[in-house]
Amino acid sequence: MTSETLTHKDLSRLTGVSVTTIKSYRKKFGEFIPVAGHGKPLRFEKEAGEVCLRIRELFQKGLSVKQISQKLGHEFEVVDEDRRLSETTTGSNLGPEDMDQLLKLSSQMMNGMAALVTAQAKAEKRVERVENKLAELLEIQERNSAIMAELLDKGEKVAEPASDSTGSKMKAKVVTIRSNEGEDKSYRLEREAEEVVPDQGLLELPVVIRSEQGDFLGMPGSGGDPFDLRGLLTVVSSSESGESGSHLWKREGDYWILTSRKADGKIHELHFRRTRTPKGNIVAFFERIDIDSVQQSPKFMLNFFREARDTYYPGG
């Protein structure tokens, strides 16, 4: 043991506890144990011996870590770690192990910088490709606009919007072009109305309703498989009015709403949405049905649901 500084072993011999215990003291009360230098081995100021003796004494009295820390705060000064380390390292020479560690850290930093530069270069190339594609699309759009303007300059007649079987409007134009020989030719340009329908994944989900008690309720189908939304819609479509013979889907937020005219002339609106049951199953939730804009009761929903299942699986 030197008269200037102490090692873990010195503190262990001084206090009569193990080196592991001394390290535990420093971990719990490091702010009161002054370190002289961070070389190998780690060295402490002479005052560290008094602190460790006091910590051992207080532990023997059964005090907690919090209580010991409070007493040490009244009896010893808190270590100024930043000032002490600055004084310790100023003018000191780095050993071979320190130099190796410094070189290793420098190498890691250089590799990280190189990887960052490479990633940045790749990102710039991707942005450049995207910009080139956008420029090509803009050029194509300008060419199309020029061609359309040329056709319009030669004369066009706009027809009345046509309707499809569901009542959706389709835009139609009749464009007349006069050739160099003076002959007029007319062309009808139509764009079909976009059909909005649920995705196949939703149609294949088990369809459920809520019982009067608020629980999710499904219906068994054929062979143990659940009655899915596709089967329900098959029954709904078969009961539509012969005049219209069609139904119309629309999307409102998370809801898919099917509107159809029945044989009795009434308008049915069925509301569905994809949801997860408390058991974690993904289902098509048949949430409500409106008849001529009047929402029906849960009891009506249950009867409607059962009749649809029984119609789809006769005798099942």
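The values are calculated or read from the model by the stated rules, or taken from the named source; none is laboratory data. Since the structure is predicted, the reported quantities are computational estimates derived from the model, not experimental observations. Just so you know, the surface numbers come from the protein's heavy atoms only, side chains and all, with ligands and any DNA or RNA stripped out. Shrake-Rupley method; radii C 1.70, N 1.55, O 1.52, S 1.80 Å.
Surface composition of the stretch 209-316: carbon plus sulfur atoms hold 46% of the accessible area, using a 1.4 angstrom probe and ignoring ligands, DNA and RNA. V208 exposes around 10 Å² of accessible area when a 1.4 Å probe is run over every protein chain in place. The convex hull built on the alpha-carbon positions of the stretch 94-142 has an orientation-averaged projected area of 3.2 nm².
Can you give the convex hull volume per residue for the Cα atoms of the stretch 248-316, as a whole number of Å³?
Numbers: hull volume 8.6 nm³, N = 69.
Considering the Cα atoms of the stretch 248-316, their hull volume per residue is 125 Å³.
Averaging 1/r over every pair of different alpha carbons in the stretch 199-316 and inverting the result gives a Kirkwood radius of 14.6 Å.
Taking only protein heavy atoms into account and a 1.4 Å probe, give the accessible area per residue of the stretch 193-310 in Å².
Numbers: 6680 Å² over 118 residues.
Per residue, the stretch 193-310 has 57 Å² of solvent-accessible surface.
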